[in-house]
1. Tell me the mean residue ellipticity at 222 nm calculated for the chain from its helices only (DSSP H runs of n ≥ 4, each -39500 (n - 2.57), averaged over every residue, nearest 500).
2. For the pair Ile119 and Ser224, what calculated FRET efficiency results from E = 1/(1 + (r/R0)^6), where r is the Cβ-Cβ distance and R0 = 35 Å, to the nearest 0.05?
3. Do you know the relative contact order of the range 240-374, to the nearest whole percent, from alpha carbon pairs under 8 angstrom that are 6+ apart?
4. Within the range 289-336, which GluC sites (Glu not before Pro) sit in a loop by DSSP and count at most 14 neighbouring Cβ atoms inside 10 Å?
5. Take every DSSP beta bridge with both residues inside the range 46-182 and express the antiparallel ones as a percent of the total, to the nearest 5.
6. Which angle between 0 and 90 degrees, to the nearest 10, do you get for helix 211-223 versus the longest principal axis of the chain when only C-alpha atoms count?
7. Can you tell me which of Thr138, Thr287, Thr164 moves the most in a GNM of the chain? Springs connect C-alpha atoms under 10 Å apart.
8. Can you sort Asp362, Asp227, Asp234 from fewest to most other Cβ atoms within 10 Å of each residue's own Cβ?
Amino acid sequence: MNKFKRGIALLLSFLLVAAIALTGCGGNQTTGDDKSKDVGNQQKLKVAFVYVGPVGDAGWSHSHDQGRKYLEKEMPNVETTYVESVPEGADAERVLTELASKGNKIIFATSFGYMDPVIKVAQKFPDVVFMHATGFKTAPNVGTYFGREYQARYLSGIAAGKQTQTNVLGYVAAFPIPEVVRGINAFTLGVRSVNPNATVKVVWTNTWYNPATEKDAAKSLLDSGADVIAMHQDTPAPMQAAEEKGKFAVGYHTDMSSFAPKAVLTGPVWNWGPYYVKTVKAVMDKTWTNEQYWGPMADKIIDIAPFGPMVGDEAKALIMKKRDAIDKGEWDVFTGPIKDQLGTVRVAEGQKMTDQEMLSFDWFVQGVEGMISK
């Protein structure tokens, strides 16, 4: 019996030593508390995203979060995190600082109002790369990125211009910043390229994400005679308002047809994933530069959603012909002659607005009804 007990003791000692040895070689293991370790002793690169709205907004923030998920899928050696519904201003600076302090090496800040907080926080973390969507300020470790959404806006305007019966279209607009003004102008030029008598009425909400406010704004436009609603907002609420009235709409950010299938003609849509992969790879390869990227439709970062069944063949053909010219670089939206609301020629025939002029838009083209508050 004593020999049996001694045998058991020796066996237990052996197992204990083996367990200790295995624990000492446990570098390949990962746990829920150590997500920064990849299988194979390689630390994952930590990448963070900051959103102005919730990821479920079906619009701007949702489109970026789809890009984040694409990045994780394409690059298993990357770990991502995000913070949603971050107001522009002091809260943004706090969140950016916290993310940089937690070891994120790339931070994508995805709203125009994050611009100054990004520049300020970037100075404190020179080894972190900050990428700011829609902005125009850079630093040694800060780049900017966006797509030429105005190209897709123009094409969606063609669809809207062919669809209207009242020759009155409504535009629910977020804030009077150049990005939004540029989109309104491009949409109006597209509308009037096929319907010179049409006008576009603008209502400002001073919100990015407020479904109730945005829906009310669309209703006011519909009540004033608009039979097609376009918008620069982060929710499909204006689309839903149009469908409830039996009218039509043009979405933005994502394909919003599922929210208003009887109303949505088409709309500009974002595809951020490939750009996020390209940027992260550049940082990892040490080829990243603080460029100001403004990609055209030819890069596929911005596109138009599938056409709704109400869009006719003539409109589709016109859109695809113009798209082909844009993609080939044979023509672009803000090519003269272009007049402002007062009828003054702002862009002469044959001339094309520069990027700087488009990025600082502070006037409306002929055909827009509304004011730009200063």
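Any read-out appearing in this document is the output of simple, stated calculations on the displayed coordinates, not a laboratory observation. Everything quoted here is computed from the prediction, not taken from an experiment. Positions of Cβ are backbone-derived with ideal geometry, glycine not excepted, and every protein chain shown enters the neighbour counts.
1. Working: 11 runs with 145 residues, N = 374.
That calculation yields -12500 deg cm²/dmol at 222 nm.
2. Numbers: r = 41 Å, r/R0 = 1.17.
Calculated value: 0.30.
3. On the way: 155 pairs, mean separation 20.9, N = 135.
RCO, the range 240-374: 16 percent.
4. Working: sites: Glu291, Glu314, Glu330; in loops: Glu291, Glu330.
Of the GluC sites (Glu not before Pro), the ones in loops of the range 289-336 whose Cβ has at most 14 other Cβ atoms within 10 Å are Glu291, Glu330.
5. Values: 1 of 18 bridges.
The answer is about 5 percent antiparallel.
6. 10
7. Judging by the Gaussian network model, the answer is Thr287.
8. Details: Asp362 10, Asp227 21, Asp234 28.
In increasing order of surrounding Cβ atoms, one gets Asp362, Asp227, Asp234.
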